[in-house]
């Protein structure tokens, strides 16, 4: 190795000694040199740093000089201050990290200040490479990209080098088992805060909890998680469930739940608040379309997250505060929460009941058949608000009984079909309905009315087995005796009022049961019609019933209306004015009265077969009168004043019939007429 000083003048080297194959030659100008020397290194492996260190302790006074490092002994090139020449080795300049580079001694002698322009180092981290100081900043020495070179031939395999000498024994450091060593700048010490016992790691503690993989212990410092923006957080590739960061955009910890990033503190002001009440239908039909749900916009929200029952589909407004949906057929909650990049606010929910059209129901056997009525029955259909009844005399329902084609019978599950024909087979079916639709037809039930009653034969009341004669007058079949029925079989005192107590009550004239046996019972109007449709003795019923009113009559019979009495009277004697108030006819009364039972001068002939008897009446004050002289028969028809009714009266001294009004609170006889 040769260190030489130039320009090439007379050689004034103190010595020129050969050490191995390398020369270091220093050549000095004779006139300006204060001292000169030459140093040769015999061993190639001796560090160059040793030589450089020696140079630091030498002084050169030269006008100019060139330093050459080579194996040939040649002097440095005239243009080079340092000329390194070798075909087997390179030159190593200082190698350091970026942090070390930034702490180089500056031109002013202060660490970290600007070094000399042109200062060159090799950086080992953060984009390794050669860096030089350009006067204002460190710049990487990168040349322009050249053309792609050709691949050269493989070189020969080199021989193994000799084994190096064993290094000196390292320092022995005493410490607690599990402590991690640290270098304090001059030596290794065992007072590090990091402790590892092979199972648990402690920071700030040498006894981490056995249940903790890592325990950080301090009373003066906290643990600092990675801090990043929302965008940086979202850019983390394949985050694992449980990964946690601190979101500096939202001032909140975020953790990854395996699907989404979730804020740890939902009360953070950056997260949208709880939503207000949801506006929209809470009871809807299955598969309903165009159903709207909305909330008032939430401050800070950028979108809204809706959840809804299974089968529901948002058709408009996804991600907004106002959605339109098509519902499925499942009841559940519609919920919404406000969202922004900092997290999702607390959800608000409303329960939505999804209603289906009723299921097809099951009709059951008919009951309580009479000659003019059957009772239809069916099971409850869940969710039904109405039932519709069809009744026909044809099993295929090719035609319908009048009024019973899809008849709305409200919410009942049993319904009396009245005014039909005796001895006839009927068919009925039912459908259930609600606001969401109508079910299919039920099964079909077959049921028949009782055989037609043969008027003129004896009627037996199935309730108490009493028998009554019957008579056909014109086209009507009448009982030829007054009804004598009470639920208990006895009478109540005429001084008391008959009441709506679930039992049929009767009066006997003079409170004598024998008079009931002969003339029948006496009844107030509300009692005889059995309080149907809210009927009372002081107010009208509501609504006014249509069809026959059975009241206290046996099944298949009913209380006659005012018009039905008029039909009978005209069958006995034609030309009677049914709208006349008072006595009418000529001898129609005598034809209705029995002979020999009325007070004189009765002229009853009973040619009609009506067999009227003079049973008297009960007055509204509870007394009875007119026994043997008058007979009074109630109708089901109210007078224009709701406290009165129309009735008929026959008297022993009159051959006519009196059509007049009477207080409902009186007590009159009742003559039933057949439904057919």
Residue selected from the range 662-676 under the condition crowded, with 24+ Cβ neighbours inside 10 Å and within 60 Å of the chain's Cα centre (by Cα), by the criterion farthest from residue 560 (Cα to Cα): 664
Residue 470 being surrounded by 13 or more Cβ atoms within 10 Å (Cβ to Cβ) and either under 60 Å from the mean Cα position of the chain (by Cα) or not assigned by TED's automatic domain parsing to the domain that holds residue 374 (or both): yes
Residues (crowded, with 17+ Cβ neighbours inside 10 Å and without any contact (Cβ under 8 Å) to a residue 60 or more places away in the chain) located in the range 473-488: 484, 486
Of residues in the range 289-302 being touching a residue at least 40 places away in the same chain (Cβ under 8 Å) and part of a loop (DSSP other than H, G, I, E, B), the one farthest from residue 348 (Cα to Cα): 300
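Against the definition (on the phi > 0 side of the Ramachandran plot and at pLDDT below 95), how does residue 596 come out, yes or no?
Yes; evaluated as a whole, the condition is true for this residue.
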Within the range 612-661, tally of residues that are at pLDDT below 95 and over 60 Å from the mean Cα position of the chain (by Cα): 1
All positions within the range 549-560 that are buried (at least 18 other Cβ atoms within 10 Å of the Cβ) and either in contact (Cβ under 8 Å) with a residue 60 or more places away in the chain or outside the structural domain of residue 504 (by TED's automatic domain parsing) (or both): 549, 551, 552, 553, 554, 556, 557, 558, 559, 560
Of all residues in the range 193-214 being over 48 Å from the mean Cα position of the chain (by Cα) and in a loop (DSSP other than H, G, I, E, B), the one that is modelled with the lowest pLDDT: 193
Subset tally (residues that are at pLDDT 90 or above and out of contact with any strand residue (DSSP E or B) (no Cβ under 8 Å at 6 or more places or on another chain)) for the range 114-135: 2
Strands (runs of 3 or more DSSP E) (entirely within the range 561-676) containing at least 2 residues that are closer than 30 Å to residue 419 by Cβ and in the same structural domain as residue 471 (by TED's automatic domain parsing): 630-638, 644-651, 657-663
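Residues are listed down the side, and each one gets a yes or a no for (1) at pLDDT 95 or above; (2) surrounded by 13 or more Cβ atoms within 10 Å (Cβ to Cβ); (3) under 59 Å from the mean Cα position of the chain (by Cα):
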position: 490; (1), (2), (3): yes, no, no
position: 507; (1), (2), (3): yes, yes, no
position: 534; (1), (2), (3): yes, no, yes
position: 537; (1), (2), (3): yes, yes, yes
Filter pass, residue 456 being out of contact with any helix residue (DSSP H, G or I) (no Cβ under 8 Å at 6 or more places or on another chain) and under 19 Å from residue 632 (Cα atoms): no
Qualifying positions in the range 103-112 - in a loop (DSSP other than H, G, I, E, B) and either loosely packed, with under 12 Cβ neighbours inside 10 Å or touching a strand residue (DSSP E or B) at 6+ places or on another chain (Cβ under 8 Å) (or both): 103, 104, 108, 109, 110, 112
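For the range 303-323, what are the residues that are surrounded by fewer than 17 Cβ atoms within 10 Å (Cβ to Cβ) and either in a loop (DSSP other than H, G, I, E, B) or touching a residue at least 12 places away in the same chain (Cβ under 8 Å) (or both)?
If the condition is that a residue be surrounded by fewer than 17 Cβ atoms within 10 Å (Cβ to Cβ) and either in a loop (DSSP other than H, G, I, E, B) or touching a residue at least 12 places away in the same chain (Cβ under 8 Å) (or both), then 303, 305, 307, 310, 311, 313, 315, 317, 318, 319, 320, 322 are the ones that fit.
The values are calculated or read from the model by the stated rules, or taken from the named source; none is laboratory data. From a predicted model like this one, the values you see are computed outputs, not experimental measurements. Counting neighbours? That spans all protein chains shown, and the Cβs are built from the backbone with ideal geometry, glycine included.
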